[in-house]
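Heads up: the structure comes next, in structure tokens.
The values are calculated or read from the model by the stated rules, or taken from the named source; none is laboratory data. Predicted model only: the values in this text are computed from it and were never measured. Positions of Cβ are generated from backbone atoms using ideal geometry, with glycine treated the same way; all protein chains shown enter the neighbour counts. What goes into the accessible areas is simple: the full protein's heavy atoms, side chains included, and nothing from ligands, DNA or RNA. Shrake-Rupley method; radii C 1.70, N 1.55, O 1.52, S 1.80 Å.
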Amino acid sequence: MRKTFLFTLLFLVFFQGFSQANYPKDYFIKPLEVPLILSGTFGELRTNHFHGGLDIKTQQREGLNVVAAADGYVSRINVAHWGYGKALYITHPNGYTTVYGHLKKFAPEIEAYVKQQQYKKQRYTLELFPQANALKVEKGKLVAYSGNSGSSGGPHLHFEIRDGKSNPINPMFFGIDIPDHQQPLIRAGVVYSFGDSTNVDGTDAVKELIIKNKNGNLVANPISAYGKIGIGINAVDKLDGALNNNGIFNLQMTVNGKKVYEHEVNTVSFAETRYINTLIDYERYFKKRQKIQRCFVEPSNKLSIYKSLINNGYLTIEDGLSYNVEITAKDFKGNTTKLIIPIKGKKTTTIVKTESKKTPHFFRANEFNKINKENISVAFPKNSFYEDIYFDFSYDNNIVKLHNGGIPLHRNFTLTFDISDYPAKDKKQVIIASINDKGRRSYASTKRKDNKVYTLSRSLGNYTLAIDSVAPKISPVNFKDKQWLSKYRYLKLKITDNLSGIKSYRGEIDGKWVLFEYEPKKNVLTYDFNDGKIEGVKHKLKLTVVDNVNNTNVYIASFNTK
Ligand SMILES: [Zn+2]
């Protein structure tokens, strides 16, 4: 009996301290030699995911030394047009893996290894898993140069620490120190009503709080309410040395002094990261570009970020009672900002109701849903939606309306067009395009089967068919046909496509494949003469570029080198 009690006690003590205490604090060093200033914190709210690492600023430039955070070996190398671009994964003897993304290039030994594989496979993008210890690295030694490759909006290093199950963990838990003497900002607050008899200030609409600064605390103008409500806030954190809006670390809510909500994003599993769409008010973000995080947990929310919850964070306001709600946003260093929201319980029978649009297509979130009309069909696997919805659908003038982009989806739907009626010539060039609110069409990855084209997507909105009959364009950037290029380091060409986009490119010099690195953000292909793949004086360049419906353009030029 006593033994069990002791064990339970020990277990509880261990478990309580587990979340932060167990990570080695002095194993990893910072991956850059410059002072660390962040443009992105771990766990901050991104589109469809929590940020899985630190975004470290690189003084607005590329080419800074990136060093290994600890001894280990290169376990994975990825070169991609989008995502992390050029990325390096180093596995360490303690079981953790560090990740370095958006690189410009790798350190010489690794770069040579990658180029050899690229020439062997005759492609720029690749994913390599070198044998353990084939590419050993030492703590603090150069492994790469920082860059802006992949889906990066400006030069920076994306740095992650992953555990043995490939789940990223906040690098700050490992002692990666970022100076921060500034408190978070709570920039907005909203109140949501749930249920027929609920009101906030007499309506069931989303109520925006009016927030004022009183003696260092943020205080909202008092509201009256009755029934089941939920509160959401917009909060960001500022760190030392930069103006960037980063994510907060911890969010808590108390009601009359009692904690009813707390969340903290310490680790992000790839399996659950997309449930961020239930944490933020996605529709509001879509309409107003404002990220409100909810201090309540909706039924479809499967995130495991919650440390404390009573009634899932929902508040039940009773008539005649007073409530003092306090929301505290905290950064990793413990700087806090508090928002006080006084609420008075007030029942009313005359609630101003917001209209919710009813349509013929009522979708239950936990069921498979499908609509067929004329030559199209759209199918949603079960649990695509986070909640039941009256789905707004139409198909007129060749435009399919799939509700609007304000509703997030957890899984892909399939939109299929039967194109039997199209002339044979057009069938091969038909694509599915999404249409944005300005009417601009962009290619939706289109697959073909028999007389059908279809696309898989998680983005609702308008879609149509379009025909791409125009081949990609190719133009030289830094040279002319028949030029002497002896002193040139690079050959650069611009490639663009009007609609379906570039599917592939192949560059040859003197009949042999050469490596052209493609930067799709700039539409530029680059060949590096230092690859040393050409001999002699007279050379012929042949570049073949193919779009996603196989329209092909071939560019030929000749040049001389000494
Ligand atoms: Zn990042």
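For region 212-224, backbone phi angles converted through the Karplus equation (6.51, -1.76, 1.60; θ = phi - 60°) give residue-by-residue couplings of 10, 8, 10, 6, x, 10, 8, 10, 8, 4, x, 10, 10 Hz, Gly and Pro being listed as x.
Scanning residues 5 or more positions from residue 308 or on other chains, those with amide H under 5 Å from its amide H are 262, with H placed 1.01 Å from N in the peptide plane. Applying a DSSP loop filter and a limit of 14 other Cβ atoms within 10 Å to the trypsin sites (Lys or Arg not before Pro) in region 244-315 leaves 289, 302.
Pairs from the table (57/105; 121/538; 104/522) lying more than 23 angstrom apart at Cα are 121/538.
Write out the trypsin sites (Lys or Arg not before Pro) in region 464-517 meeting two conditions: DSSP loop, and at most 12 other Cβ atoms within 10 Å of their Cβ. Of the trypsin sites (Lys or Arg not before Pro), the ones in loops of region 464-517 whose Cβ has at most 12 other Cβ atoms within 10 Å are 480, 482, 487, 489. Scattering from region 181-329 was approximated by placing one identical point on each alpha carbon and applying the Debye formula without solvent; log10 I(q)/I(0) at 0.17 1/Å stands at -1.06. Sorted on the mean count of surrounding Cβ atoms within 10 Å across their residues, most packed first, peptides 461-468, 153-160, 104-111 read 153-160, 461-468, 104-111. Summing Cβ point charges (Lys, Arg +1; Asp, Glu -1) relative to the Cα centre of the chain gives a dipole of roughly 1100 debye. Taking Cα atoms only, the orientation of helix 2-21 departs from the longest principal axis of the chain by about 50 degrees. May I ask for the angle, rounded to the nearest 10°, between helix 108-121 and the longest principal axis of the chain, with both axes built from Cα atoms and the value confined to 0 to 90°? For 108-121 against the chain, the angle is about 70 degrees. Among the chymotrypsin sites (Phe, Trp or Tyr not before Pro) in region 212-315, those located in a DSSP loop and surrounded by at most 13 other Cβ atoms within 10 Å of their own Cβ are 270. Which percent of the Cα-Cα distances in region 342-501 go past 24 Å? That fraction is 52 percent. The relative contact order of region 32-177, computed from alpha carbon pairs under 8 Å that lie at least 6 residues apart in sequence, is 33 percent.
Length available on full extension from residue 46 to residue 283: 0.36 nm per residue minus the Cα-Cα distance, which gives 83.9 nm. Computed from point charges on the beta carbon alone (+1 for Lys and Arg, -1 for Asp and Glu), the dipole magnitude for region 370-488 about its Cα centre is near 720 Debye. Close amide H partners of residue 303, meaning residues 5 or more places away or on another chain with modelled amide H under 5 Å apart, do not exist here.
Based on Cα contacts under 8 Å between residues 6+ apart, the chain shows a relative contact order of 10 percent.
Cα centroids of region 138-189 and region 256-314: 22 Å apart. Note that region 344-356 has calculated 3J(HN,Hα) couplings of 10, x, 8, 7, 9, 9, 10, 8, 6, 9, 7, 6, 10 Hz, one per residue in order, obtained from phi through the Karplus relation 6.51 cos²θ - 1.76 cosθ + 1.60 (θ = phi - 60°); glycine and proline are x.
Whole-Hz Karplus values for region 242-254 come out as 7, 8, 4, 8, 9, x, 7, 9, 9, 9, 10, 9, 10 Hz, taken residue by residue from phi with 6.51 cos²θ - 1.76 cosθ + 1.60 and θ = phi - 60°; glycine and proline positions read x. Positive end of the dipole of the chain (Cβ unit charges, origin at the Cα centre): among 32, 395, 525, the Cα lying farthest that way belongs to 525. Per-residue ellipticity at 222 nm computed for the chain from its helices equals -2500 deg cm²/dmol, with DSSP H segments shorter than 4 residues left out and the rest contributing -39,500 (n - 2.57). Amide H contacts of residue 189: 209, 234, each under 5 Å away and 5 or more positions distant or on a separate chain (H built 1.01 Å from N in the peptide plane; Pro and chain starts excluded).
For region 428-520, the solvent-accessible area with a 1.4 angstrom probe is 56 square angstrom per residue.
Farthest toward the positive end of the dipole of the chain, out of 77, 334, 271, is the Cα of 77, where the dipole comes from beta carbon charges about the Cα centre. Put simply, the Cα atoms of the chain extend 91, 64, 52 Å along their principal axes, the longest span coming first.
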